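S.K.: Before we start, here is the structure in question, set down as structure tokens.
Read-outs throughout are calculated quantities, based only on the coordinates presented, and are distinct from any laboratory measurement. Bear in mind that the values here come from a model prediction, so they are computed numbers and not experimental data. Here the Cβ positions follow ideal geometry from the backbone for every residue, glycine too, while neighbour counts run over all protein chains shown.
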Amino acid sequence: MTKNNNNTDTCVLTLPLRVEKWQEDCLLKRFEAARRIYNSLLNFELKKLRQLERTVEYRQIQSVISSAYRSNTKDSPECKDAFKRREKLISANGISEYGFKSDVKFFYKHFDGLIGSNVAVHCIAVQLWAAFDKYLRGSGKEIHFKRLGDISSLKGYSVKGKSGGCEIIFRGQYIEWTRKKKKLLLPLKIDPDNEYEREMLSRRVKYVRIIKKPGKNRLRWYAQLTLEGKPALKYSAETGKPIHSVGKGNVGIDIGPQTVAYASDKEVALLELADRVTNIEHQKKKLQRKLDRSRRATNPDNYKPDGTIKRGVKLTRNKSKRYLKLQSKLAYIQHRQAEIRKLQHTCLANHMLTLGDRFFVEKMNWPGLAHRAKETSISEKTGRYKRKKRFGKSLANKAPAMFISILKRKCETLGLPGVVEVDTYSLKASQYNHLSDTYEKKSLSERWNYMPISDGSDSSKTKRIQRDLYSAFLLQHTIPQPCSFDKKALRIDYPNFVTMHDAEIHRLESLPKTITSMGVRRSHS
């Protein structure tokens, strides 16, 4: 669920389309026209930006910003003033969302039989401005042109009141997309017995997005309806109760590149994130090698005798039928992984919502964990250079940041207190021991905490507690302001946590295989 500029709640419903072959051909032509409009507009706006960057005023402002970043004074008033002046200068030269919407009219008119002003102005221009805005704010390194087939969705407003009129319209049982003499009526696959779909479709439709997804043997087409209001609740047909109930209380979440540990008053668990997502790197490499061999066979003039690609000449792009089949197969296996990952994250978020309504998680710098190490070091054990790779592949496969964003969105939809991201360096949950009220730094390989047992018999006795589960338990008892632990509640709830912790460790030991970072070995008893 999101909110538009009028502060009205917005939700989406995605339904599959029944598309015939001739309709798919028409859709592909329109998507290709949209790609050409996007690239033409991008080329036009990049020229404007390069001309602006050559002006004296812009270069002076940029030098102030660069020197502030070099001297680590980017929060200074001079730097903030330079950012404001640069933003005004960029906007004054027509590099803005409004400017993009105005400029796109020079390009879509050549494809007027395929793409109208509604889609061009409110979809293509807005999409390109989002990329430009990200680039101008320093979040992106480069704005890329769209390759053939890269446009995967197009939207059009389905209500009157927007410039360009209505173009992609919801008509109850089908989607109408009419341009000039070519009318496309795309039937929707609607389940008449589905109460959730029936309630959602009774709402006002703001705009419709046509989505293209790769399938196993052919393309799959969907209509994503953006509706007014909050999403409807799903009820069980047998009991009549909500399928996803919402609990009360705090839940602590300790999330890593591959695993997630959570602790609540009802349940404690340590799980592998998206365990159904398998490693497809070997399969991808085989397909990519096949694609490379096919490219070399069909485009021999693109390569030098030593096999390297030619530079500074226009290359041919001939693709055989086998190449296109392999390309679609590669796209499908990657898309399938993404769908499984998103489904599992959504199911886990729904389960966590049954445990509580406020979630505490440490704020993580995921891009930093994905980057390779900068320093070159030698292992003391082997005397060899240590590998610089870190968690990039695990983050790509498991997508922990996606899980947090899904949980945030669901909390916002339900009007819950939501996800509270606490400062990692203030709490130091992985180092704190609430029984001794001390901090002890541990290496990444140490997966267990040894907690003292005060039973009165032997003070040297300790209890093994899994590190991630204990961190989740500590985060569950976080006081947001000031950022600290509720030490009294920790001592009261600790015995119950130990009981649930032991049951979870016993469950993990009975599994045939676990993630190494869990530190749990299979029990042979």
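S.K.: How do LYS84, LYS329 line up, fewest other C-beta atoms within 10 Å first?
M.R.: Values: LYS84 11, LYS329 17.
Ascending Cβ contact count within 10 Å gives the list LYS84, LYS329.
S.K.: Quick check on the exposure proxy: order ASP193, ASP112, ASP265 from fewest to most C-beta atoms within 10 angstrom. Please list the in-between numbers first.
M.R.: Details: ASP193 7, ASP112 13, ASP265 17.
By the 10 Å Cβ count, ascending, the order reads ASP193, ASP112, ASP265.
S.K.: Could you give me the ³J(HN,Hα) list for the stretch 29-46, computed from phi with Karplus coefficients 6.51, -1.76, 1.60 and θ = phi - 60°, whole Hz, x at Gly and Pro?
M.R.: 5, 5, 5, 5, 4, 5, 5, 5, 4, 4, 5, 5, 5, 4, 4, 5, 6, 5
S.K.: Which cross-chain or sequence-distant (5 or more) residues have an amide H under 5 Å from the amide H of VAL420, H modelled 1.01 Å from N in plane?
M.R.: The list, which skips near neighbours in sequence, is PHE359, PHE360, VAL361.
S.K.: Filter the cross-link list LYS155/LYS234; LYS105/LYS134; LYS321/LYS393; LYS134/LYS386; LYS284/LYS363; LYS47/LYS141 down to pairs whose alpha-carbon distance in this structure exceeds 25 Å. Before the final figure, lay out each step's value.
M.R.: Numbers: LYS155/LYS234 27 Å; LYS105/LYS134 23 Å; LYS321/LYS393 32 Å; LYS134/LYS386 35 Å; LYS284/LYS363 33 Å; LYS47/LYS141 17 Å.
Cα-Cα > 25 Å for LYS155/LYS234; LYS321/LYS393; LYS134/LYS386; LYS284/LYS363; rest within.
S.K.: Using only helices, what value at 222 nm comes out for the chain when you add -39,500 (n - 2.57) per DSSP H run of length 4 or more and divide by the total residues, to the nearest 500 deg cm²/dmol? Each step should come with its number before you reach the end.
M.R.: Numbers: 15 runs with 209 residues, N = 525.
Mean residue ellipticity at 222 nm (helix-derived): -13000 deg cm²/dmol.
S.K.: Next question, about the same structure. Could you run the Debye sum over the Cα atoms of the stretch 181-333, one equal point scatterer each and no solvent, and tell me log10 of I(q)/I(0) at q = 0.14, 0.16, 0.20 Å⁻¹, two decimals?
M.R.: For the stretch 181-333, the Cα-only Debye profile gives -1.07, -1.13, -1.23.
S.K.: Given DSSP loops and a limit of at most 15 other Cβ atoms within 10 Å, what is the longest stretch of the chain that contains no such GluC sites (Glu not before Pro)?
M.R.: Details: sites that count: GLU20, GLU142, GLU238, GLU375, GLU380, GLU440, GLU446.
The segment 239-374 is the longest one with no such site.
S.K.: Turning to a different aspect of this structure: If the reach is capped at under 13 angstrom between alpha carbons, list the aspartates and glutamates near LYS513, excluding any in the same chain fewer than eight residues apart.
M.R.: GLU272, ASP275
S.K.: Nearest 10 degrees is fine. How inclined is helix 321-353 to the longest principal axis of the chain, computing both from alpha carbons?
M.R.: 40 degrees
S.K.: Follow-up question, since we're still on this one. Looking at the stretch 235-303, what % of the alpha carbon pairs are farther apart than 13 Å? Provide the component values of the computation, followed by the final result.
M.R.: Working: 1853 of 2346 pairs.
The answer is 79 percent, as a whole percent.
S.K.: For LYS487, go through the aspartates and glutamates and keep the ones whose alpha-carbon is under 12 Å away, minus same-chain ones fewer than eight residues off.
M.R.: ASP437
S.K.: Distance cut-off 21 Å, Cα to Cα: go down the list LYS48/LYS310; LYS329/LYS410; LYS21/LYS213; LYS21/LYS146 and report the pairs above it. Provide the component values of the computation, followed by the final result.
M.R.: Working: LYS48/LYS310 30 Å; LYS329/LYS410 33 Å; LYS21/LYS213 15 Å; LYS21/LYS146 25 Å.
Result: LYS48/LYS310; LYS329/LYS410; LYS21/LYS146 exceed 21 Å.
S.K.: With no solvent and one point per C-alpha, what does the Debye sum give as log10 I(q)/I(0) for the chain at q = 0.12 Å⁻¹?
M.R.: -1.43
S.K.: Taking N as the number of residues in the stretch 2-228, what is its Cα Rg relative to 2.2 N^0.38 Å? Let's see the in-between values first.
M.R.: Numbers: Rg = 20.9 Å, N = 227, 2.2 N^0.38 = 17.3 Å.
Ratio of Rg to 2.2 N^0.38 Å for the stretch 2-228: 1.21.
S.K.: If we count other beta carbons within 10 Å of each Cβ, what is the order of ARG387, ARG220, fewest first?
M.R.: Going from sparsest to densest Cβ surroundings: ARG387, ARG220.
S.K.: Roughly how many Å is it from the Cα centre of the stretch 381-444 to that of the stretch 165-218, as a whole number?
M.R.: 40 Å
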